1. In the stretch 57-88, which residue that is charged (D, E, K, R) and assigned to a helix (DSSP H, G or I) is nearest to L32 (Cα to Cα)?
2. Pull up the stretch 78-98, narrow it to residues that are under 21 Å from L5 (Cα atoms), charged (D, E, K, R) and surrounded by 11 or more Cβ atoms within 10 Å (Cβ to Cβ), then point me to the one that is nearest to the chain's Cα centre (by Cα).
3. Could you list, in sequence order, all residues of the stretch 1-55 that are assigned to a helix (DSSP H, G or I), modelled with pLDDT under 90 and polar (S, T, N, Q)?
4. I'd like the full set of residues that are among the hydrophobic types (A, V, I, L, M, F, W, C) and either more than 18 Å from E44 (Cβ to Cβ) or out of contact with any helix residue (DSSP H, G or I) (no Cβ under 6 Å at 6 or more places or on another chain) (or both), limited to the stretch 8-25.
5. Among the residues of the stretch 27-48, how many are of a type outside the set (S, T, Y) and surrounded by 14 or more Cβ atoms within 10 Å (Cβ to Cβ)?
Amino acid sequence: MLVELSILPLTGDGHHSDDLAEVLKLIDSYGLPYQLTPTGTCIEGKWNEVMELVRQCHHRVRSRSPHVTTLIKIEDEEGASDKLTRNISSVEQKMGRQLSSSLNAREGEIE
């Protein structure tokens, strides 16, 4: 199952990188495959483990802000795995070329 998660604290000055860093520490500590995007984070895993992580992420931000909106998009395909890379690879294959993505950029930095 693939989940795209966006958590928005609705208070303060509109800059939420500290909140995001706290949530990403939690996500990283779970050991599930994930990818940060400009507008959210995609997390892959089994229903119970991903939803528990989503709950904990929401509560982490909620403990720092009195008003929070959490958006969850779920792709649940029976028997599917490695959706983080397969979804992108499938489109790139049909395009006949590699597309720009944060994953490609990150891999370019490592080399």
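1. Top of the filtered list is K83.
2. Residue satisfying both the conditions and the ranking: K83.
3. Here is the first cut: in the stretch 1-55, the residues assigned to a helix (DSSP H, G or I) are 17-30, 47-55.
Those still in the list that are modelled with pLDDT under 90 too: 17-20.
Result: S17, single match.
4. Residues of the stretch 8-25 that are among the hydrophobic types (A, V, I, L, M, F, W, C), as a first pass: 8, 10, 20-21, 23-24.
Answer for the stretch 8-25, where residues must be among the hydrophobic types (A, V, I, L, M, F, W, C) and either more than 18 Å from E44 (Cβ to Cβ) or out of contact with any helix residue (DSSP H, G or I) (no Cβ under 6 Å at 6 or more places or on another chain) (or both): L8, L10, L20, A21, L24.
5. So the count comes out to 10.
The values are calculated or read from the model by the stated rules, or taken from the named source; none is laboratory data. The structure displayed is predicted, hence computed values, not measured ones. Note: ideal-geometry Cβ built from the backbone for every residue, glycine included; neighbour counts use all protein chains shown.
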